1. So which of ARG280, ARG302, ARG265 ends up being touching a residue at least 40 places away in the same chain (Cβ under 8 Å), open to solvent by 50 Å² or more (accessible area, probe 1.4 Å) and of a type in the set (Lys, Arg)?
2. Identify, by number, the condition in (1) farther than 18 Å from TRP334 by Cα; (2) in contact with a Phe, Trp or Tyr (Cβ under 8 Å, 6 or more places away or on another chain) that ARG302 doesn't meet.
3. Quick one: would you say LEU374 is part of a helix (DSSP H, G or I), open to solvent by less than 10 Å² (accessible area, probe 1.4 Å) and hydrophobic (A, V, I, L, M, F, W, C)?
4. Which one of these does TRP34 not meet: (1) buried (at least 21 other Cβ atoms within 10 Å of the Cβ); (2) over 22 Å from VAL276 (Cα atoms)?
5. Could you figure out which of (1) over 30 Å from PHE337 (Cβ atoms); (2) in contact with a His (Cβ under 8 Å, 6 or more places away or on another chain) isn't true of ALA217?
6. Failed condition for LYS399, given (1) under 19 Å from SER144 (Cβ atoms); (2) surrounded by 15 or more Cβ atoms within 10 Å (Cβ to Cβ), with all others met?
7. Just need a number here: residues in the stretch 317-328 that are in a loop (DSSP other than H, G, I, E, B) and open to solvent by 10 Å² or more (accessible area, probe 1.4 Å).
8. When VAL50 is evaluated against the numbered criteria (1) of a type outside the set (S, T, N, Q); (2) open to solvent by 40 Å² or more (accessible area, probe 1.4 Å); (3) outside any helix (DSSP H, G or I), which criterion, by number, is the only one it fails?
Amino acid sequence: GAAGAAAAEVRLSRRRWAVVLLFSSYSLCNAFQWIQYGSINNIFVRFYGVSTFAIDWLSMSYMITYIPLLFPVAWLLDKRGLRPIALVGSALNSLGAWVKLGSLKPHLFPITVLGQVICSLAQVFILGMPSRIASVWFSSHEVSTACSIAVFGNQLGIALGFLVPPVLVPNVEDEEKLAYHISIMFFMTAGVATALFILVVIVFREKPLHPPSRAQALIQSRPPEEYSYVQSILHLLRSTNFMLLMVTYGLNTGCFYSLSTLLNRMVIHHYPGEEVNAGRIGLTIVLSGMVGALISGIWLDRTKTYKQTTLVVYIMSLVGMVVYTFTLSLGHLWVVFVTAGMLGFFMTGYLPLGFEFAAELTYPESEGTSSGLLNVSAQIFGIAFTISQGQIMDHFGTKAGNLFLCSFLFLGTIMTAFIKADLRRQQANLESE
C-alpha cells in the first residue's frame, strides 16, 4: 500500500471546485426545505389548522429520519462512492419538493408531511458528504476550506429558509390568497431542486483521475478486502477522543437545531407581528455563521490548530448564547440582531470544525462514517432539545428555555477541553512527504 501510494501521481483536478459548489447548492436547497415551515410557523399553523407542535415536527422529521438510516447510507457511501449518493440525495430532494405541491389545501396536511419526509430522506444522503468530498478532491492545504464551502451551502439554505418564506408568504387572512402564496414558494423550490438534480447527473464525478494528496493516495492504494465497515465503526467507537468530540458536537449542533426551529415562536412572543424580522434574525444567525465557518476553515488550513480553535469557538458559542438569552426580552429588535449575529458566528462556524477535527482524529477511517456519527449525535440532541425547550418555553417562558441550552453548551465546553489533538491525517501527510 505504501509503495503504491509513493508511485501514485498526486495532482489537483480543475473539476474539484465545480463538484464542491454543486454539492453545496443542492445541500442548500435541502436545508431550505428543512426550515421553510418553522420560519413561518404561525402561518402554517393557521393554514393547516394544526398545533405549533405539529409544525415543529416537520422540522424534527429531518432529525428523526437521519438516526436509523445513517449506517446504511454511510455503508453505501463507502461501497458505492460519492456519485451514486449524490444522485440519490439530489433526486429525493427534488421529488419531495414536487410532492409538497399537492398539499395546497388545509385538509392536505398529510401530503406536506409526506413531502417533508422524502426531503428528510434526501438529507441522510447529504449531511455526511462534506469531509468526504474535501478529502477525495482537495489537497491537504485546501481540505478544511473545501469542507467549509461544502457546509457553507447547507447554512446558506437555512439562511434563505429564514429570509424567503416570510417574504413570499405574507400573513393574510384569505385562505385562497394564502394558498396561492404558498404555491409560489413550493413551485420555486421544486424548479430549483430539479435543475440541480440535472446538473448533478451531468457534472458530478466519483473522484479525480489522480489523488489530490499523499494521505488520499495511501487510502486509494489500500486493497478493498482490507477495509471492513463494521470494524471501521468499532474503531471509531473505541476512540476516547472521537467519542468526546461526538458528544460535544451533538450538544452544540443540537442547540443550533433547537434555536432555529423555535426562533419564530421566541421572537413573536416578545415582538408580536414581527414575522419578517424573525426571519431576518434567523438569516443574521446563519449568515454570520457562514462567515465564521469560512474563516475557521481557512484558519485551520493555515495553522492546523484543530483543538485550540475548536475550544475557543465552543467557549464563544456559550458566551453568545448567554448574551442572546438576556437581551432577547429588552424590547429592542436591533439588540437581538446584534447578539444573534454574534451567536451565529461561533455556533454555526463550529460545524465544519467538528467535521475536520473528526477526520484528523480518525484517519484512515472513512470521513463519511465519522461525520455521519457526529450528525447522528446532533440529530439526537436536536430532537431532545427542541422538544424540551419548547415545553420549557410553554410553561416557564423563553428565558428559561434558552438557559436550558446554555447549561448544555457549558457542559460541552468542559468536555472539549479534554479532547487530545491526535492529528493522524496531518501525520500521514508529513510522513509521506
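The values are calculated or read from the model by the stated rules, or taken from the named source; none is laboratory data. Given the structure is predicted, the values throughout are model-derived calculations rather than measurements. Positions of Cβ are generated from backbone atoms using ideal geometry, with glycine treated the same way; all protein chains shown enter the neighbour counts. Note: accessible area is taken over every heavy atom of the protein model, side chains too, but ligands, DNA and RNA are not part of it. Shrake-Rupley method; radii C 1.70, N 1.55, O 1.52, S 1.80 Å.
1. Being touching a residue at least 40 places away in the same chain (Cβ under 8 Å), open to solvent by 50 Å² or more (accessible area, probe 1.4 Å) and of a type in the set (Lys, Arg) holds for just one of ARG280, ARG302, ARG265, which is ARG280.
2. Result: ARG302 fails condition (2) only.
3. Criteria met by LEU374.
4. (2)
5. (2)
6. (1)
7. 0
8. (2)
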